[in-house]
Amino acid sequence: MGRRAGGDTVLTRLYRDGKLAREGFPISEVSEMIGDESAVVWFDLCDPSHEELTSISEELGLHPLAVEDAEHPHQRPKLDRYPSHLFVTAYSIRLDPSTGGLGYAEVDAFITSNAFVTVRKTDKFDIDEVMHRWDGRADLATFGVGYLLYGLLDYVVDTHFEAVRALDDAIEAVEEQLFADRPQDQATQRHTFELRKSLVNMRRTVLPMRDVVGALMRRDIKVIDDDMVPYYQDVYDHVLRATEWTESLRDLVTNIFETALTMRSNRLNVITKQVTSWAAIIAVPTAITGWFGQNIAFPGKDSIAGVIESSVLILGLSAALYVVFRRKDWI
């Protein structure tokens, strides 16, 4: 394997006439290979230094703006066209179901006529899975950089689709908790908020990929052969499905929050009615005992009959109020 400064492995491959001819060679040999029109070279850099990007830029004739974008993280997913090459920024994403948080891994790609360079900001982007997809469709290697770019985008879009699926399952679990007899605790509410924040961030990553893949299929781009168009169309269909799914989840989450607020308001009204009902029941014995406690003559004064009469009034009126409130479903 080739090595970059710092000891990290640099992955390299050489395809010649549609066949994998060599891999694991030093990047310093790339300059000799790109002059061969029958050769397609790929190499990967993980968190490269400014000097490394500058050297590659001079070797491949990369535009300074594209190199600057590759140096600075957190670019939006995009496709930039330059006279000598294309520049693609994309993200693989993963949802953590336990926390509701969303993880990102950025990858940038420089695409020339016979060179494909991937630049990863961290090793969290699974480039091994991309290589596995290339190996699984080795028959497409005859299509050069279009084949390599397809494998990269196919992996990226699949991570989007899986993340959206995981988010859908997490939101469905929140729905079930929403209508449970036991109100949501603070941890559940915090988890719901994290899911909503993840959905907002996911939309920022998933939606721009529709423009990226759609632009690559335009004939004036001249990166993919006609035989590769169906494969890119398949990726584009997955992008559309992920986009539509994300939009539907956005509406669903909005409805969940509105429903939760409505249910909380209704629960508060029920509690208010219950407290008021019990206060009315308690007011009955208070009123009766207070009235008979005044210094005036009343039926049964200074006798057992008066005690019995007041007790019967308290119990009877309280029971009557309880029955009325119970029928109205106030308590």
Query raised in the report: Is segment 72-82 home to any residue that is of a type in the set (F, W, Y) and under 28 Å from M202 (Cβ atoms)?
Result: no
Query raised in the report: Quick one: what pairs do we get from segment 117-142, first residue in the same structural domain as E58 (by TED's automatic domain parsing) and within 18 Å of Y104 (Cβ to Cβ), second aromatic (F, W, Y) and part of a helix (DSSP H, G or I), C-beta under 7 Å, 6+ apart or different chains?
Result: E129/Y155; V130/Y155
Requested in this report: State whether one or more residues within segment 138-156 are surrounded by 13 or more Cβ atoms within 10 Å (Cβ to Cβ), assigned to a loop (DSSP other than H, G, I, E, B) and modelled with pLDDT of 90 or more.
Outcome: yes
Query - From A90, A70, residue being in a helix (DSSP H, G or I), touching a Pro at 6+ places or on another chain (Cβ under 9 Å) and of a type in the set (A, V, I, L, M, F, W, C) - result: A70
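A quick yes/no check of all residues on (1) closer than 14 Å to R94 by Cβ; (2) of a type in the set (A, V, I, L, M); (3) modelled with pLDDT of 80 or more; (4) more than 22 Å from the chain's Cα centre (by Cα):
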| site | (1), (2), (3), (4) |
| --- | --- |
| V164 | yes, yes, yes, no |
| D181 | no, no, no, yes |
| M209 | no, yes, yes, no |
| M217 | no, yes, yes, yes |
| V223 | no, yes, yes, yes |
Report task. Residues being over 16 Å from F110 (Cα atoms), hydrophobic (A, V, I, L, M, F, W, C) and in contact (Cβ under 8 Å) with a residue 24 or more places away in the chain: count how many of those fall in segment 22-54. Result -> 1
Query - Lone unmet requirement of (1) modelled with pLDDT of 75 or more; (2) loosely packed, with under 12 Cβ neighbours inside 10 Å for L261 - result: (1)
Query - Within segment 96-109, considering residues that are modelled with pLDDT of 90 or more and of a type in the set (A, V, I, L, M), the one surrounded by the fewest Cβ atoms within 10 Å (Cβ to Cβ) - result: A105
Requested in this report: Check segment 37-56 and report whether any residue there is in contact with an Asp or Glu (Cβ under 7 Å, 6 or more places away or on another chain), part of a helix (DSSP H, G or I) and modelled with pLDDT of 85 or more.
Outcome: yes
Query raised in the report: Being among the hydrophobic types (A, V, I, L, M, F, W, C), modelled with pLDDT under 70, touching a Phe, Trp or Tyr at 6+ places or on another chain (Cβ under 9 Å) and surrounded by 14 or more Cβ atoms within 10 Å (Cβ to Cβ), is that true of even one residue in segment 276-299?
Result: yes
Report task. Kindly indicate which of D154, D168 is within 13 Å of the chain's Cα centre (by Cα) and under 18 Å from V206 (Cα atoms). Result -> D168
**Report entry** Subset of segment 81-93 (residues that are out of contact with any helix residue (DSSP H, G or I) (no Cβ under 6 Å at 6 or more places or on another chain) and within 28 Å of S198 (Cβ to Cβ))
**Finding:** V88, T89
Report summary line: L60 meets each of (1) in contact with a Ser or Thr (Cβ under 8 Å, 6 or more places away or on another chain); (2) at pLDDT below 90; (3) surrounded by fewer than 12 Cβ atoms within 10 Å (Cβ to Cβ) with one exception, condition (3)
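The values are calculated or read from the model by the stated rules, or taken from the named source; none is laboratory data. Just so it is clear, the structure is predicted and the values come from calculations on it, not from any experiment. Here the Cβ is made from the backbone with ideal geometry for all residues, glycine too, and neighbour counts use every protein chain on show.
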